[in-house]
Structures are given as C-alpha cells and as structure tokens.
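Q: I'd like to ask you about the structure that follows.
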Amino acid sequence: MTVALLQLRQCLLRASRNGALLHRTFHASLPRAIVRPFLLSDIGEGIKEVQIIQWFVEPGARVEQFDKICEVQSDKATTEITSRFDGVIKKLHYEAEDVAQVGKPLCDIDVQSDISPEDEAILAPPAVQAGSPSDPQQPQKAVELQLEAPEEEKGPASVEKTKTLATPAVRGLLKELDVNIADVTGTGKEGRVTKDDVQKFVAAQKIATTQPILRRHTREFSQADEAQVEQPITLTPVQSQMFKTMTRSLSIPHFLYADEVDVTALSTLRQRLNNQPSSAQRISYLPFIIKAVSLALEDFPLLNARVDTETGENAPKLVMRKKHNIGVAMDTPQGLLVPNIKGVSAKSILDIASEVSRLQALATDGKLSVNDLTGGTLTVSNVGSIGGTYVAPVLVQSEVAILGIGKVRTIPSFDDHDRVVKKDVMNCSWSADHRVVDGATMARMAERVRAFVEEPALMMTRLR
C-alpha cells in the first residue's frame with residue numbers, strides 16, 4: 001500500500017464528515033478477488049469420471065487449503081476432495097449425485113490477492129456504533145447490510161444436501177422409488193440413510209395409502225388395472241464398473257468344480273480359540289480358508305497366474321505371480337466390492353482375520369483405497385455368510401481361478417464304525433479359466449485345500 005493512497009483516503013474521510021461526500025459509497029482498496037476454477041484432478045487408475053456423493057461447502061462459504069470440498073465415488077473407491085486455495089466459494093458446477101468429469105471444474109473459488117494484515121487493518125472502514133445520531137455515513141451502513149445479506153439468505157434447504165448422508169446405491173434406490181431423502185430418518189453412522197431406512201419408509205407409506213382404499217371396497221385404483229410404468233435409472237459408479245468387468249469376464253470359458261468339505265474339526269478349533277479369555281477378536285471360517293488356499297497355491301502356482309492377451313510377439317502368454325493377494329468378495333451398501341489381502345503367504349491366521357475386519361469396515365463406510373481394490377491374484381467369495389449353499393462364481397478377468405464357499409450345515413453322517421454322528425460340512429465351488437487350467441489341475445488344487453481345512457493340524461505344520 002502506498003503512502004499516497006493512505007493520504008487520499010484520509011482526505012476523503014474528512015470530506016465525508018463535512019458533508020462534501022454525497023450519497024455515493026466509496027470502496028477503499030479492498031482486497032482484489034480473483035475467480036479461479038477448481039478442477040477435478042486425475043485420481044489415477046484410468047478413472048475418467050466420478051459421482052458427487054455430497055458437498056461440504058456451498059456458495060458464499062469461506063475455505064482454506066486442505067478444507068474438504070466434496071466427497072466423490074469412483075468405480076474403485078470413495079474419495080474426499082480438499083481445497084488447494086484459500087478463498088470464497090462462488091459457484092458449484094454440479095449437484096449431489098451428478099457425474100463429474102476428470103479435468104473439468106468442480107466449483108469456482110474467489111482467491112484473495114496478497115495483502116498484509118497491517119495494511120488491511122489501516123484500510124478497513126472505521127467501526128461505527130449502530131443508531132448513533134451523529135453518523136452521517138448512511139450509505140456505508142447499507143453496504144454492511146448488503147455484505148451480510150448472503151448469511152441471512154442461508155436457509156435449511158441450502159444446507160440439506162451437506163448434512164444428509166447416503167451412498168450412491170441408496171440414492172439410486174431413492175430415485176427409483178421417488179422418495180425425498182429429507183423425508184427419511186437415517187439410522188446409520190452419523191445419520192447416514194441406509195437401504196433398510198428407505199425400505200421401511202416406503203413400507204410405512206404403502207400402509208398409510210392402502211388402508212383408505214381397502215375401506216372403500218373399490219377396484220377403482222387397483223394395481224392390476226394400472227399400466228406398467230418403467231423408469232430408466234443411470235447405473236452407479238460401482239454398478240457401472242461391475243457391468244464392464246463381468247461383461248469382459250463372461251467372455252472367458254469357465255468350468256465349475258464343486259466338492260463338499262467336512263469342517264467339523266475346524267469348527268471345534270474355532271470354538272476353542274474364540275473361548276480363550278485372551279482372544280482379541282472372534283475368528284470365522286474365512287481366515288482359515290484363505291490361508292489354506294495360499295498354502296495350496298505354493299504347490300499349484302498356475303492358479304495364481306494371469307493370462308496376458310495383449311498383442312505382441314509372444315501373445316497370448318501366462319504371467320506368473322509370486323505374491324498371494326487373495327481377494328475377498330464383500331456385500332456393501334455401495335454394491336459388490338472385492339478388496340484383497342496383500343501377501344497372504346507371509347501372514348498368520350490372526351493377521352488375516354484382522355485384515356478381513358479392516359477391509360470390511362472400510363468397505364461398509366465406502367472408504368476403500370485404490371490399493372485395496374487392485375492387484376488381486378485369486379478371489380474367495382463367501383456367499384455362505386448370507387445364506388447360500390451352492391454358487392457358480394464368475395472369474396475376475398485378471399485371475400484364472402475363484403472359490404465360492406457356501407454356508408456351514410450340520411448333517412447326520414456315518415463314521416468309520418458305521419455309527420451315525422453329527423458332522424459340519426460346507427460346499428466349495430471353484431471356477432477356473434479353461435483356456436489355461438485343465439480339470440485335473442483344478443481338482444488337485446481343490447483336494448489340497450480340502451485336506452488343509454479338514455485337518456487343521458496339517459495346515460499348522462505348513463505355517464511359517
């Protein structure tokens with residue numbers, strides 16, 4: 001700030017006090033605003049578009065560097081976008097649930113030009129007490145009211161989108177059922193609206209609307225008399241990725257191999273471990289099965305490979321992989337996600353159980369990272385946790401085998417002395433890429449896994 005500018009302002013202030021300044025407001029050297037578009041940067045992994053889940057800001061809000069701007073959902077994971085500038089939000093280019101393109105502006109930010117706090121204090125208008133009879137600067141008061149007006153205009157409707165949380169899958173369901181998210185009470189974490197909340201709300205609405213119709217005993221509004229109504233809905237990012245992945249996967253010739261596995265001994269071992277006072281967490285069947293698969297892969301490394309069909313001198317070819325990154329199919333509010341446990345061969349069963357719990361928690365909250373979702377070498381799908389007994393799993397394109405396990409059932413069976421005994425069994429269903437894996441190899445691999453699961457002591461002898 002120059003001395004001449006400060007002197008000019010003092011002269012103008014003296015003139016205004018003497019009545020020389022008419023009803024025209026003078027704006028003295030306020031910080032110069034620069035509107036800058038905030039671009040959606042490249043998230044990586046070839047992602048070209050994301051869906052806006054929620055905004056943490058609105059026009060008129062002040063932000064600083066690293067403040068959260070919005071939360072987005074890609075076909076890989078959920079990410080929070082933070083500000084790279086200090087300034088004031090001027091415009092949001094998308095609404096919640098819109099699809100934003102990488103490299104395009106998310107919002108516009110007024111970035112203040114550099115000004116020292118000392119100069120800003122000198123140039124700021126003097127404080128005037130409200131209602132003072134000697135105050136001649138009525139236009140200045142109008143300017144202050146005008147600056148405060150945006151704060152008064154903020155109402156509940158303008159912040160509704162930032163405080164109502166829901167995943168893209170739930171928002172898609174809300175669109176399908178034509179339900180306003182503001183009418184639904186969320187029972188999830190931090191008030192998040194879940195699928196159950198939406199379904200319960202719709203069920204309550206149906207009861208409220210059908211009871212008067214039943215009392216009238218008329219077929220005037222009978223559903224059977226209504227024409228079918230179809231409403232197209234855009235796929236969520238997770239559904240879109242699943243569509244692409246499964247379409248490519250089903251171009252691979254699959255074959256299925258299924259067997260029944262006796263888990264009675266493993267069930268007894270689990271109960272003993274979980275009943276230990278020092279047990280930090282309960283262990284399910286899944287960590288044991290994942291470890292058994294990894295141990296079997298040491299003898300059958302072909303099942304840990306991938307097929308490279310890229311055009312080249314030696315294409316197609318097999319790419320052998322040393323690390324066992326076992327994927328675990330998980331049912332989440334966003335849909336099917338398959339994070340993977342890195343380096344299973346170097347992990348204990350307790351380590352695997354902890355990693356499964358960590359990934360499940362992140363998947364439920366939509367916080368899985370790109371690293372969690374990429375690099376898998378073989379997948380285990382635990383459909384039995386929901387209730388299925390048999391399954392024909394579909395391969396992931398970058399893998400040559402997948403295991404689907406059903407629920408544990410208690411059945412009567414004959415022991416070695418022809419006595420009827422109680423036995424716990426589960427069905428294991430394998431799918432393999434028949435272009436490179438033959439039935440005999442798959443059968444031997446499945447038999448090795450079955451031996452480890454049926455005789456946990458045999459598995460313990462192979463642990464490092």
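The values are calculated or read from the model by the stated rules, or taken from the named source; none is laboratory data. Here the structure is a predicted model, which means the values were calculated and not measured. No Cβ is skipped: glycine too gets one built from the backbone with ideal geometry, and neighbour counts run over all protein chains shown. We work out accessible area using only protein heavy atoms, side chains counted, and drop any ligands, DNA or RNA first. Shrake-Rupley method; radii C 1.70, N 1.55, O 1.52, S 1.80 Å.
Q: In the set 435, 444, 462, which member is within 36 Å of the chain's Cα centre (by Cα), of a type outside the set (Gly, Ala, Ser) and surrounded by fewer than 20 Cβ atoms within 10 Å (Cβ to Cβ)?
A: Of 435, 444, 462, the one residue that is within 36 Å of the chain's Cα centre (by Cα), of a type outside the set (Gly, Ala, Ser) and surrounded by fewer than 20 Cβ atoms within 10 Å (Cβ to Cβ) is 435.
Q: Which one of these is at pLDDT 80 or above, out of contact with any helix residue (DSSP H, G or I) (no Cβ under 7 Å at 6 or more places or on another chain) and open to solvent by less than 60 Å² (accessible area, probe 1.4 Å): 182, 149, 203, 142?
A: Testing whether each residue is at pLDDT 80 or above, out of contact with any helix residue (DSSP H, G or I) (no Cβ under 7 Å at 6 or more places or on another chain) and open to solvent by less than 60 Å² (accessible area, probe 1.4 Å) leaves just 203.
Q: Check off (1) among the aromatic types (Phe, Trp, Tyr); (2) at pLDDT below 90; (3) under 23 Å from residue 340 (Cβ atoms) for residue 390 and give me the number that stays unchecked.
A: All conditions are met except number (3).
Q: Follow-up. Applying the selection to region 69-100, what residues are at positive phi and at pLDDT 85 or above?
A: 87, the sole residue that qualifies.
Q: Can you spot a residue in region 340-350 that is among the basic types (Lys, Arg), surrounded by fewer than 18 Cβ atoms within 10 Å (Cβ to Cβ) and at pLDDT below 90?
A: Scanning region 340-350, I find no residue that is among the basic types (Lys, Arg), surrounded by fewer than 18 Cβ atoms within 10 Å (Cβ to Cβ) and at pLDDT below 90, so the answer is no.
Q: Could you please find all residues in region 423-447 being without any contact (Cβ under 8 Å) to a residue 60 or more places away in the chain and closer than 22 Å to residue 249 by Cβ?
A: Selection gives 438 alone.
Q: Name, by its number, the condition in (1) open to solvent by less than 40 Å² (accessible area, probe 1.4 Å); (2) more than 15 Å from residue 350 (Cβ to Cβ) that does not hold for residue 294.
A: Against the list (1) open to solvent by less than 40 Å² (accessible area, probe 1.4 Å); (2) more than 15 Å from residue 350 (Cβ to Cβ), residue 294 comes up short only on (2).
Q: Residue check: is residue 267 part of a helix (DSSP H, G or I) and either open to solvent by 60 Å² or more (accessible area, probe 1.4 Å) or modelled with pLDDT of 90 or more (or both)?
A: yes
Q: Taking region 312-338 as the region of interest, how many residues are out of contact with any Leu (no Cβ under 6 Å at 6 or more places or on another chain), open to solvent by less than 30 Å² (accessible area, probe 1.4 Å) and outside any strand (DSSP E or B)?
A: Residues that pass the stated criteria total 2.
Q: Still on this structure: Out of 309, 379, 364, report the one residue that is crowded, with 19+ Cβ neighbours inside 10 Å and either under 24 Å from the mean Cα position of the chain (by Cα) or polar (S, T, N, Q) (or both).
A: 379
Q: Please give the helices (runs of 4 or more DSSP H) falling wholly within region 368-464 in which 3 or more residues are among the basic types (Lys, Arg).
A: 439-454
Q: Next up: Could you list, ordered by first residue, the pairs with Cβ atoms under 6 Å in which the first is in region 53-69 and without any contact (Cβ under 8 Å) to a residue 24 or more places away in the chain and in a strand (DSSP E or B) and the second is surrounded by 14 or more Cβ atoms within 10 Å (Cβ to Cβ) and among the hydrophobic types (A, V, I, L, M, F, W, C), at least 6 apart or interchain?
A: 68/56
Here is a yes/no grid of residues against (1) more than 14 Å from residue 380 (Cα to Cα); (2) of a type in the set (A, V, I, L, M, F, W, C):
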site	(1), (2)
396	no, yes
403	no, yes
409	yes, no
416	yes, no
419	yes, no
424	yes, no
429	no, no
436	yes, yes
448	yes, no
